[in-house]
Every structure is written in structure tokens, then in C-alpha cells.
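Take a look at the structure set out below.
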Amino acid sequence: MLETLNLVILIAAGLVAVSVFTSLISFRVGAPLLLVFLLVGLAAGEDGPGGIEFADTRTAYFIGSIALAIILFDSGFRTRFATFRLAAFPALTLATVGVAVTAGLVGLAAHFLFDWPWIEGLLLGAIVGSTDAAAVFFLLRVGGIHLREMISATLEVESGSNDPMAIFLTVTLVGMIVAGTSGEDAGLGLLAEFAQQMGIGLIAGLAGGYAIVQLVNRVNLEPALYPIVVLALALALSGATSLAGGSGFLAVYVAGILCGNVRMRQQPALKNFQGGMTWLGQIGMFVTLGLLATPSQFGEVALPGFTLAAVLIFIARPIAVWLCLLPFGFTRAEIAFVSWVGLRGAVSILLAILPLIGGLANAQTIFNITFLIVLTSLVLQGWTIRPLALWLRLIVPPRMGPVDRIELELPGGQDHELVGYRVHPGSAVARGGRIPRWARPVLILRDGQSLRPQKAGRPQPGDQLYILTTARQVPALDALFAGAAHEGHDPALFGDFPLDPDALLSDVGAVYGFHVRKEDAGLSLRDYMRRELGDDVEPTDRVAHGAIDLVVRAIDHDHAITEIGLSVEHVEPQEPVLPFFFSRDDVARVSRRAISRVRMRRARGKVIARRRASFDTPAQQKDTETDSDKN
């Protein structure tokens, strides 16, 4: 017995260590890291060099469920309220309507490819209908791709909130198949079950998140225990919500958002601990699911499996995304990119275990097809996301250079924290900028020596500074100690020279010789550009005004414009020509043209009718006179 336990510990710890060290190869060759974890599990399985026989579906589902709850809680914890508000409507539309449309289209294809009943085809569509939170969060946060915040926020919120929808559909459909319920009899029951699970999950998430915050802030514990109790309470919330008939995964994600956006004790330690647990959960889930697979069986379903993957990637997901994002004003390029970043991952494989547990007739085939779809998605989409973003011109410059920051919390301090910075050589402080009076440096580390700020003098590049400040002032300090995001502000991106954002548009127009409309004369440059660009503002955004361009040079964390540049020559934005993914503006333009053509045809028809009437009247009169003479 002890030897068996020691062997299990050795194998499990060894696989985790191998996965971690294999990540070094992933970063070198650019492979999606989660694909590497999955391949480690396949290599260790019964068909790989490891030869480990693992077929316990219930244990695999248990491990995967715990890992997914940890990942979703951490994902919510790191999602800012501002990000959620920015993309809530399009993301939640994708997470609900988008998943349902994707599942329906994939289910239709599976019905004809495998000659399955409609409900089994829909089950397979539900299993692969959601994007994988772990894969998307890794690519967006660790992959170093700087996208417009509206796009990245939409993808983050969608990937974190669409898992409950896919899980609900999968569990419900498996139950219906086991019970022998036909799809025609389940419509109202499905809607009622959906409302119950999502409603209870949302309410439980809000209540549970509030309870976690209050408990952590009011109970005095050993500092090392806070991260443990927070994660334990989050997992308890997930389990309790599921037992109450709600979506435990939605509850834990909502609780994470609430906990991450309020002041909590030991918040820096919470972030670090949850980051490590999330990585451990991802590795454990992917490796376990890789062990469960049997690649020798993939050949039997390879052709229809890859065909179904192509339907999902190139037809179902793009159609669903286009329908969901069309009302929200996304451009063609943005819709195309969101549809491509629909990575399938461990969640789909985890859901494919449910038919095996339920004992369905085609359960093994569904699992193998799902595994092939996930592999195809991670390889094809995961490897091409950055090149596609570059080609679609969706990557924006980072707002600031690197900041090496260490957060420390003072015991019992709810309003102040101790923040450590390493002075970047290109930062404002290194170039002579002053540290604000409200920020109080308490210690400087230089060349291995601890110095008081009064003795150390002006901060030097490479110094480690520790500053006592309030939490709301930290973003301003980040900007002071960060390197320049773009050295010298490239004129091709940021304009030829800066302007005062508070200057009046009429004054700038008088100096540079462009006409300003009367109603715009009293607007400042900042207000004018905010009106023209809306809420989705990023550096390098341009507003054309006659022969010149006004350019956004910098923004703050609330998307307020802080620096504006002027380009003396208008630059027409170049976007790749996409023959599909029509945006709302494209549809409106085509509609206006169609309406205009209809009106022109009607007007032309009326003119022709009048002319005919004018020509026909004398002839009719002549015929009438001839008839009367004959009589």
C-alpha cells in the first residue's frame, strides 16, 4: 500500500515538474504552453513512452472540476470592474447566445457526419461550444499581446463566463439522453433549468463574494492562512451553489470579480498564491486529461473529427461571433479576430467525460472527437493568434514600459501599503522627475546597501525603492517608475509634435489653418476627441480634421486622454480587406444604398408612368372621337 502511494506521488510530482520545465521549450518555439501540458499527459499515457494506464473518468472529472473552479476564481479576481463594464454586453452575449448558436451549428454538422440523433449531435456541439478560459487568459496576459482593451476585455469576460453555459447544456443534454427524453419535449424545461442555474449562480456569487470579503477583513489570522481560507471558501461556495441547483462555476467567477475589486487583507499575497494555484490547476487538469486519452483510437474518427474541427473553427464560431457582435459596432477586423480566438481546451475535454460517466452509447467516440478538436484548435489557432493580430492591425503600443513592482501590506493597514519599485533606466524618475510629496520613500537599496532616502539622494537606475502610499495612488507611481513605452514617440504613430489637451479646437484650427464648425468651437481637444472616439480609446488612435490628424499619445487607467499629438499630414488608416464579417457600419451602408436604389426606382417608375399617361391621353381622346363619329 505504501509503495503504491509513494509511486503515485512520484509520478504526479514528476509530471508536474516535467510540465514546468517543458514550458521553457514552449517559450522558445512559440508553441501554446497549454498544448505542451496536454502533450506531456499524452506522452505519459498508455500509448506513450510513459505507459501509464489511467481510465478513471470520475477521478479525472473531479480533478478537472476543482482546477476549473480555481482558474475561474482567479480569472475573476484579476478582472477589473472597469474592464467588465467596458465589455459586459458583447461578452455576455457571446457567452450565452454565442455558445448556443455554436452548439447548434456544430450539432447540425455532427448529425450529418455521424448519422447520430439530433440530440447527440447537439450534445457534441455543447461540449465544444465554449472557449477555454485557461488558454485565452494565458495568451492575453502572459503571451505579451497588447490589444485594444475593448477586444481583450471582451475575450477575457467571454472566456470566463461562457463555461457555465456550456456546462449547463452538456449536463442537461446528457440527462435527457439517459432519461430518453426527446428534444421536442425539452424546450420549456431547458429554459426553466437555465434560468434557475444562472439565477442561483449569480445571486450566490454576489452573496458569497461579499461574505468572503467581510470574513477576511474582520478575522485576524496568521498572514499565511489568508490565501488558504479565501481559496477554500471559494471552492466551498462552488460546491454549495451546485448542491442548491445553481451554477457553481458562475458563482465562483462572480465571487472572484467582487473579491478582486475591493480592499481585502493580504491582497498581494492572495494574488501570488492564486497565481501559483492557477498554474498548478492548469497543469494538473491538462496532464490528467492527456493521461485519460487513448491516441491509438483517434485514427477511427480522424477524418470526421478534423472535418468537424474545421466546421467549428471556420463556420460555426465565426457565424456565432458575427451575429453576437454585429449590434455593438465592432469592425470587420475585430469580429474576425474574436472569432479566431475561440480556443478550445481542457473544459471541452472535461465535459466530454460526462457522456462516459453517463454510459452513453457513443460516449467514447464523442470523447475522441472532442480531443481531436481541442488539439486542432490549440495548434492551428494558438500558434497563429499573434501573426493574425499583426495582420489585422489590432495590436496597440503598450501604455507604459516594464515596472518591476513588489507590493507589501502593512499589518492592519486598510488605506496604506508599502510598494517596492526597481528604477527603470528610461523612467521619468531616472531622468530627473520628482517623486510626489504624497508618496513617502522609506528605504532605498543600492549596490547591496540599505540607504535612507535623505542620504541616498536622487534615485539612480537600478535602485530598489520602497514607498509608503495609498492604494489609489499606485497607478500614478507605476507611470513614474516605468520605462518609456515608445522611445521618442515615433511621429509615424504619435504625430509630429504634442499639443495641450485642454487647448480649444478653434484656437488650434486658427493656428494650423483648418476649418472648425461653429458648434465645435468651444470644445477642448480632449473633449472633441473623446466625443469622436467614444469609450474605446487607445494610444495612436487618430481623428482626421481636414488635412491634419489629431492623435492620442497617452491615456490613463480610466481611458481619459492625457496627451495629444498633431500629425501635419492626414494618414488614411489601412485595414486588410476582408470579404466577410460585415460590421454594423457596413450593413448600414449597404442598407442605405439599397433603400436609395429602391427609392430611385420608384421615382423613375412614377416619372415613366406620368409620361405614358401624357402620351396615352390624346390617343385615347382621338379613339373616343372616332367611336362617336361611327355611331
Discussion item. Give me the residue from the range 271-287 that is open to solvent by less than 20 Å² (accessible area, probe 1.4 Å) and among the polar types (S, T, N, Q) and, out of that set, nearest to GLU409 (Cα to Cα).
Written reply: GLN274
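What residue, among those in the range 45-66 that are open to solvent by less than 10 Å² (accessible area, probe 1.4 Å) and part of a helix (DSSP H, G or I), is nearest to ALA293 (Cα to Cα)?
It comes out as ALA60.
Could you tell me which residue of the range 446-456 is nearest to GLY426 (Cα to Cα), considering only residues that are out of contact with any strand residue (DSSP E or B) (no Cβ under 9 Å at 6 or more places or on another chain) and not in a strand (DSSP E or B)? Step through it out loud before you land on a result.
In the first step, residues of the range 446-456 are kept if they are out of contact with any strand residue (DSSP E or B) (no Cβ under 9 Å at 6 or more places or on another chain); the result is 447-449, 454.
In the following step, the residues that additionally are not in a strand (DSSP E or B) were identified as 447-448, 454.
Numbers: ASP447: 19, GLY448: 22, GLN454: 23 Å.
Looking at residues that are out of contact with any strand residue (DSSP E or B) (no Cβ under 9 Å at 6 or more places or on another chain) and not in a strand (DSSP E or B), I get ASP447.
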Practice prompt. Could you please find all residues in the range 527-562 being touching a residue at least 40 places away in the same chain (Cβ under 8 Å) and open to solvent by less than 10 Å² (accessible area, probe 1.4 Å)?
Written response: GLU538, PRO539, ASP549, LEU550, VAL551, ILE561
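Residues that are over 20 Å from ARG78 (Cβ atoms), open to solvent by 50 Å² or more (accessible area, probe 1.4 Å) and at pLDDT below 95: which helices (runs of 4 or more DSSP H) entirely in the range 176-262 hold 1 or more of them? Working first, answer last.
Working: elements: 187-218, 226-243, 248-260.
Qualifying helices (runs of 4 or more DSSP H): 187-218, 226-243.
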Item to complete: Working only within the range 495-530, note down all residues that are part of a helix (DSSP H, G or I), within 18 Å of GLY565 (Cβ to Cβ) and modelled with pLDDT of 80 or more.
Response: LEU505, ASP507, VAL508, GLY509, LEU525, ARG526, ASP527, TYR528, MET529, ARG530
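Condition first: modelled with pLDDT under 80, open to solvent by 80 Å² or more (accessible area, probe 1.4 Å), out of contact with any Pro (no Cβ under 7 Å at 6 or more places or on another chain) and of a type outside the set (Lys, Arg). Can you find one or more residues in the range 410-422 that meet it? First the steps, then the outcome.
Of the residues in the range 410-422, the ones modelled with pLDDT under 80 are 410-417.
Checking which are open to solvent by 80 Å² or more (accessible area, probe 1.4 Å) leaves us with 411, 415.
So of that shortlist, the ones also out of contact with any Pro (no Cβ under 7 Å at 6 or more places or on another chain) come out as 411, 415.
If we keep only those that are of a type outside the set (Lys, Arg) as well, we get 411, 415.
Yes: the range 410-422 contains one or more residues that are modelled with pLDDT under 80, open to solvent by 80 Å² or more (accessible area, probe 1.4 Å), out of contact with any Pro (no Cβ under 7 Å at 6 or more places or on another chain) and of a type outside the set (Lys, Arg).
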Response to the item:
Log entry, pairs with first residue in the range 235-257 being in contact (Cβ under 8 Å) with a residue 24 or more places away in the chain and at positive phi, second being part of a helix (DSSP H, G or I) and open to solvent by 20 Å² or more (accessible area, probe 1.4 Å), beta carbons closer than 9 Å, six or more apart or on different chains, reads GLY245/GLU193; GLY245/GLN196; GLY245/GLN197; GLY245/ILE200
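When only residues in the range 8-31 that are open to solvent by 20 Å² or more (accessible area, probe 1.4 Å) and within 23 Å of the chain's Cα centre (by Cα) count, which is modelled with the highest pLDDT? Step through it out loud before you land on a result.
Step one: list which residues in the range 8-31 are open to solvent by 20 Å² or more (accessible area, probe 1.4 Å), which gives 8-18, 20-22, 24-25, 27-30.
Applying the additional criterion that residues be within 23 Å of the chain's Cα centre (by Cα) yields 27, 30.
On the way: PHE27: 56, GLY30: 51.
The qualifying residue modelled with the highest pLDDT is PHE27.
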Worksheet entry | Residue list for the range 302-341, restricted to those being buried (at least 20 other Cβ atoms within 10 Å of the Cβ) and over 19 Å from LEU578 (Cα atoms) | GLY305, LEU308, ALA309, LEU312
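Checking the conditions here, which among ARG458, ARG431 is open to solvent by 30 Å² or more (accessible area, probe 1.4 Å), modelled with pLDDT under 80 and either more than 30 Å from VAL216 (Cβ to Cβ) or among the β-branched types (Val, Ile, Thr) (or both)?
Values: ARG458 fails: modelled with pLDDT under 80.
Being open to solvent by 30 Å² or more (accessible area, probe 1.4 Å), modelled with pLDDT under 80 and either more than 30 Å from VAL216 (Cβ to Cβ) or among the β-branched types (Val, Ile, Thr) (or both) holds for just one of ARG458, ARG431, which is ARG431.
When you check VAL374 against the structure, is it surrounded by 15 or more Cβ atoms within 10 Å (Cβ to Cβ) and at pLDDT 85 or above, yes or no?
Working: surrounded by 15 or more Cβ atoms within 10 Å (Cβ to Cβ): yes; at pLDDT 85 or above: yes.
Taking the combined requirement at face value, the residue satisfies it.
Kindly evaluate ILE70 against the criterion of being modelled with pLDDT of 85 or more, under 28 Å from SER238 (Cβ atoms), of a type in the set (Val, Ile, Thr) and open to solvent by 60 Å² or more (accessible area, probe 1.4 Å). So that I can check it myself, show each step before the final result.
Details: modelled with pLDDT of 85 or more: yes; under 28 Å from SER238 (Cβ atoms): yes; of a type in the set (Val, Ile, Thr): yes; open to solvent by 60 Å² or more (accessible area, probe 1.4 Å): no.
Spelling it out, it is not the case that ILE70 is modelled with pLDDT of 85 or more, under 28 Å from SER238 (Cβ atoms), of a type in the set (Val, Ile, Thr) and open to solvent by 60 Å² or more (accessible area, probe 1.4 Å).
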Worksheet item: Any residue in the range 70-86 that is assigned to a helix (DSSP H, G or I) and under 18 Å from LEU191 (Cβ atoms)?
Response: no
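Every residue, every condition in (1) under 24 Å from VAL396 (Cβ atoms); (2) surrounded by 16 or more Cβ atoms within 10 Å (Cβ to Cβ); (3) in contact with a Gly (Cβ under 8 Å, 6 or more places away or on another chain), yes or no:
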residue: ARG437; (1), (2), (3): no, no, no
residue: LEU445; (1), (2), (3): no, yes, no
residue: THR470; (1), (2), (3): no, no, no
residue: PRO475; (1), (2), (3): yes, no, no
residue: GLY483; (1), (2), (3): yes, yes, yes
Discussion item. Of the residues LEU5, LEU34, LEU94, only one is open to solvent by less than 10 Å² (accessible area, probe 1.4 Å), in a helix (DSSP H, G or I) and modelled with pLDDT under 80; which?
Written reply: LEU34
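The values are calculated or read from the model by the stated rules, or taken from the named source; none is laboratory data. Nothing here was measured: the structure is a model prediction, and the numbers come from that model. Counting neighbours? That spans all protein chains shown, and the Cβs are built from the backbone with ideal geometry, glycine included. Side chains included, ligands, DNA and RNA excluded: accessible areas come from the protein's heavy atoms. Shrake-Rupley method; radii C 1.70, N 1.55, O 1.52, S 1.80 Å.
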